[in-house]
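The values are calculated or read from the model by the stated rules, or taken from the named source; none is laboratory data. Since the model is a prediction, treat every value here as computed from it, not as a measurement. With ideal geometry, Cβ positions are generated from the backbone for all residues, glycine too; neighbour counts draw on all protein chains shown. Only protein heavy atoms, including side chains, enter the accessible area calculation; ligands, DNA and RNA are left aside. Shrake-Rupley method; radii C 1.70, N 1.55, O 1.52, S 1.80 Å.
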Amino acid sequence: MNISFQTDKEFDVIGFGRACIDLNAVEYNRPMEETITFQKYVGGSPANIAIGSSKLGLKAGFIGKIPDDQHGRFIEQYLSEKGIDTSNLVVDREGRKTGLAFTEILSPEECSILMYRENVADLYLEPTEVHEYYITRAKILLISGTALAQSPSREATLKAINLAKKNNIKVVFELDYRPYTWKSLEETAVYYSLVAEKADIVVGTRDEYDVMENLSNEGDNQATVDYLFQHEPELVVIKHGVDGSYAYTRSGETFRGRAYKTEVLKTFGAGDSYASAFLYALVTGKDIETALKYGGASASIVVSKHSSSEAMPTVAEIEKLIQDDNTY
Ligand SMILES: Nc1ncnc2c1ncn2[C@@H]1O[C@H](COP(=O)(O)OP(=O)(O)OP(=O)(O)O)[C@@H](O)[C@H]1O
Ligand SMILES: O=C(O)C[C@@H](O)[C@H](O)C(=O)CO
């Protein structure tokens, strides 16, 4: 089964949310307390997804806010170099900062992220800085859940979704739950369910759906999709780490995607690379089952490399892995 998109659009995907900086431990397989060197990359889940999509040959744009400093200029320059349209990347003039994500690579299985997100520019995007004409130029508006964590970014996000819906642009909601940005689980559940109910495609891990549903124990995929299909979504993707992922359609089909074996360096970056390749496959007319393979193959390449953004694979690398078919 395929998902249909509008065809006469300049952008395949416009990412919405944070474009930040990752500082990834250079000396890995040790705690961060013992790490003294970090390598700088552009990061932030929706920026990573835009970068991954662009590397796969899609035309990507971005809506977000960056600081008026060296870090902001680094982000803008990197996105432009990667072919992403930055005309709607707003520069903050009130001294706000870039979000920083320090990554700890304790072992290939144990990674954590220490985030600095006080007074970050991305959460200060104003609704007036979201423009209807820009959104109408895309096939997909990709929303990151973290953009809902705080006002005014929250209202800017809701405005963007309303404009996309008004213009029949597909809204993809990547739950992208980052606890440090939220005040409480109750609050997260309210905004996550509000937006998931409006989105056309929802993508998240089982844990993130549990947050959306405000569950204290692991929820049941069928119950999640039964709930979401009472509303707008036509496709719901639930990821289970190395156990792969499932895609559920409104018409009642279920597809399973498997993870591809690789030499894992670190676990983060999997979700963003998965999303960019999954969307690439859907928007280029591949069926859902094939799109799951693209997502899984792309993720397995990124977990074997040091960064999330710079490591995004090419179509040829993904297709080679799919052909080799070395899955868990
Ligand atoms: N260790 C691994 N080896 C190979 N593939 C993996 C591994 N972990 C995850 N993947 C692939 O990446 C996909 C997404 O992973 P996961 O469910 O962990 O998402 P995520 O939590 O959003 O990722 P992130 O850690 O980037 O936030 C999985 O469905 C799987 O295909
Ligand atoms: O999303 C972030 O802000 C951090 C990412 O850039 C980081 O690489 C990661 O966590 C990817 O999953």
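Odds and ends about this structure:
- Between GLY57, GLY52, GLY15, the distinction of being open to solvent by less than 10 Å² (accessible area, probe 1.4 Å), modelled with pLDDT of 95 or more and more than 15 Å from LEU141 (Cβ to Cβ) belongs to GLY52 only.
- Within region 196-210, residues that are open to solvent by 10 Å² or more (accessible area, probe 1.4 Å) sit with their Cβ atoms under 6 Å from residues that are more than 13 Å from ligand 1 (Cβ to nearest atom), at 6+ positions apart or across chains, in these pairs: GLU197/HIS231; LYS198/ILE161; LYS198/GLU232; ASP200/LYS170; ASP200/VAL171; ASP200/GLU234; ASP210/GLY219.
- Residue match in region 265-285 (condition: at pLDDT below 95 and either more than 16 Å from ligand 2 (Cβ to nearest atom) or over 30 Å from ASN29 (Cβ atoms) (or both)): no
- Residue check, SER273 within 24 Å of TYR192 (Cα to Cα), within 8 Å of ligand 1 (Cβ to nearest atom) and open to solvent by less than 10 Å² (accessible area, probe 1.4 Å): yes
- Residue match in region 114-122 (condition: under 30 Å from MET32 (Cα atoms), of a type in the set (A, V, I, L, M) and within 16 Å of ligand 1 (Cβ to nearest atom)): yes
- Per the conditions (1) touching a helix residue (DSSP H, G or I) at 6+ places or on another chain (Cβ under 6 Å); (2) closer than 21 Å to GLN6 by Cα; (3) β-branched (Val, Ile, Thr), the sole criterion not satisfied by THR224 is (2).
Okay, residues lined up against (1) β-branched (Val, Ile, Thr); (2) in contact with a Lys or Arg (Cβ under 7 Å, 6 or more places away or on another chain); (3) open to solvent by less than 30 Å² (accessible area, probe 1.4 Å):
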| site | (1), (2), (3) |
| --- | --- |
| SER245 | no, yes, yes |
| GLY269 | no, no, yes |
| LEU282 | no, no, yes |
| GLY295 | no, no, yes |
| LYS305 | no, no, no |
| MET312 | no, yes, yes |
| GLU319 | no, no, no |
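- Residues of region 116-153 classified as open to solvent by 10 Å² or more (accessible area, probe 1.4 Å) and more than 23 Å from ASP22 (Cα to Cα), total: 12
- Pairs, first more than 21 Å from GLU174 (Cα to Cα) in region 252-272, second in a helix (DSSP H, G or I), C-beta under 6 Å, six or more apart: TYR260/GLY296; TYR260/ALA297; TYR260/SER300; TYR260/LEU321; THR262/SER300
- Among the residues making up region 107-165, a single one is in contact with an Asp or Glu (Cβ under 6 Å, 6 or more places away or on another chain), part of a loop (DSSP other than H, G, I, E, B) and free of Cβ contacts under 8 Å to residues at least 60 places away in the same chain: PRO152.
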